[in-house]
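One structure is given here, and the rest of the page talks about it.
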Amino acid sequence: MKVNGFVHPAQRDPRRLLSDHLRHDLGLTGTHVGCEHGVCGCCTVLFDGAPVRSCLMLAVQAEGHEVSTVEGLAVLGAPLHPVQQAFHECHGLQCGFCTPGFVMSVVGLLAQHPNPTREQIEEGISGNLCRCTGYASIRRAVQRASELSQQTPSPLRGEGWGKGR
Amino acid sequence: MKPPPFEYHSPSTVEEACALLGSLEDAKVLAGGQSLVPLLNFRLARPSHLVDINRIPGLDAIYERDGGVAVQALARQAGVEDSELVARVCPLLTAAVRLVAHRVIRNRGTVCGSLAHADPASELPAVLLALGGHVIARSARGDRVIEAGTFFRGVFETALEPDELLVEAWFSASPGPFAILEESRRHGDFALAGVVRAADRLALFGVAPTPVLADPADPARGLRPSGDLEATPEFRLHLVRTLTDRAFAA
């Protein structure tokens, strides 16, 4: 399985969820685990370019596929990914627990709709819960991320989107 | 949370998958996993074997057949949502699939999986019923066409035999007036009640153990929906009448 561009050895235990594999076996704790039944959206990662819930996949299912987590968006010291930059500028986070999931969902949303309408933004973030109730700022952050993405081409944008998985 | 122990199988052909389903005791098919994996995480489902069909190539087609749309077992809901063919031939299915959870779930979830799971509050079984569609069940014994009217047997219960794999669902064209309306507490949640109109046919969901056909002039007749924290039986009946009126007003 390739995670953020690096090949990792296969997980052998079929019971291991992809979310737990990323966190416990690969040490990528940026992917958060909230509800573990697909409701909260905190564990959203890109699977072959499209956002999915990592708590609803087995790690063995990702073998031979590409997974991108929040850690893959910007390397340490480099400028933030446009979506991260937009969340920072627009105060799109408070406690930050839900943020990696929102950011990955929005990366997927902007790959699908580079200039999202208000409805598309609301639909795009409707599968993520924020308990600090920061939705208004998050909506603004998505708009800002759309502007920033068009100024700064991101390596993740559009990659593999909509292709057969 | 962690799923209970199971033996994992990843067949690479439909024949291999059917052979596994035919020989294993207590096996479940894993397609999109958006309903099954939560059940495993909660340990509400404890199958001894999981047969993961995701590595079977060529099982994700969406194509025109017999004046309708055929959707194969691994066609994701997002693919059906974006399909121009589905939008042209069966726009009711396009409208319905948009009501299924959220896009991130639909990126993984499958149409055939929703049908095989047969959640009484789910949209797609009611759409199949309203359109008079069918599914194709394959096993080592051969193919079997099961009409929507006989496919849904009860809560999470279908006419599929343990050795059968649902390989394809067929939805007839929806050229006439159509509507799918539902009421849920939050966007993307399961519906408290919902109605599907396909021309003059009406199917209801969320108000009986299976989707049911109803008379548009008196949709609540004979219904005895259950009550829970989110809605009383009376409120569900009210929703059925109101949503039916709206669906047929257009």
Query - Inter-probe distance in nm under a simple model that places probes 7 Å from Cα toward Cβ, at residue A:95 and residue B:213 - result: 5.1
Query raised in the report: Helix B:14-23 sits at what angle to the longest principal axis of chain B, using alpha carbons and giving 0 to 90 degrees rounded to 10?
Result: 80
Report task. Please identify every one of the GluC sites (Glu not before Pro) in segment A:48-137 that sits in a loop by DSSP and has no more than 15 other beta carbons within 10 Å of its own beta carbon. Result -> A:63
Report task. Would you calculate a helix-derived [θ] at 222 nm for chain B, using -39,500 (n - 2.57) for each DSSP H run of n ≥ 4 and dividing by the full residue count, to the nearest 500? Result -> -8000 deg cm²/dmol
Query raised in the report: Once you sort the root eigenvalues of the Cα gyration tensor of the protein assembly as shown as a ≥ b ≥ c, which label holds: rounded (a/c under 1.5), prolate (a/b larger than b/c) or oblate (the other case)?
Result: oblate
Query raised in the report: With a 10 Å Cβ neighbour count serving as the proxy for reagent exposure, in which order, fewest first, do B:187, B:238 appear?
Result: B:187, B:238
Report task. Sticking with the crude label model, points 7 Å out along Cα→Cβ, report the distance from residue B:13 to residue B:245 in nm, one decimal please. Result -> 5.8
Report task. For every other residue with a beta carbon closer than 12 angstrom to the beta carbon of residue B:205, add +1 if it is Lys or Arg and -1 if Asp or Glu, then tell me the sum. Result -> -3
Requested in this report: Considering the options B:67, B:54, B:4, tell which one lies farthest towards the positive end of the dipole of segment B:1-152, charges being +1 on Lys and Arg and -1 on Asp and Glu at the Cβ, about the Cα centre.
Outcome: B:4
Requested in this report: Please sort by residue number the trypsin sites (Lys or Arg not before Pro) in segment B:141-250 whose DSSP state is loop and whose Cβ has at most 15 other Cβ atoms within 10 Å.
Outcome: B:141, B:185, B:186, B:221
Query - Net dipole in debye of segment A:82-151 [+1 Lys, Arg Cβ; -1 Asp, Glu Cβ; about Cα centre; nearest 20] - result: 140
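Per DSSP H run of n ≥ 4, the term is -39500 (n - 2.57); total these for chain A, divide by its residue number, and report the mean residue ellipticity at 222 nm rounded to 500 deg cm²/dmol. Mind showing how you got there, number by number?
Details: 4 runs with 47 residues, N = 165.
Rounded to the nearest 500, it is -9000 deg cm²/dmol.
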Report task. Between the alpha-carbon centers of segment A:93-142 and segment B:35-61, tell me the distance in whole angstrom. Result -> 29
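How do B:213, B:30 rank when sorted from fewest to most other Cβ atoms within 10 Å of their own Cβ? List each step's numbers first, then the result.
Values: B:213 16, B:30 24.
Listing B:213, B:30 from fewest to most nearby Cβ atoms yields B:213, B:30.
Determine, for B:102, A:65, the number of other Cβ atoms within 10 Å of each Cβ, and report the residues in order from fewest to most.
On the way: B:102 22, A:65 17.
Starting with the residue having the fewest Cβ neighbours, the order is A:65, B:102.
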Query - segment B:62-172, dipole about Cα centre (Lys/Arg Cβ +1, Asp/Glu Cβ -1), debye to the nearest 20 - result: 260
Report summary line: Helix B:233-249 sits off the longest principal axis of the Cα atoms of chain B, rounded to the nearest 10 on a 0 to 90 degree scale, by 80
Query raised in the report: Which distance in nm do the two modelled labels at residue B:161 and residue B:235 give, with both placed 7 Å along the Cα-to-Cβ direction?
Result: 4.4
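Just so you know, all these numbers are worked out from the coordinates, no wet-lab data involved. These figures come from a predicted structure and were not determined experimentally. Positions of Cβ are backbone-derived with ideal geometry, glycine not excepted, and every protein chain shown enters the neighbour counts.
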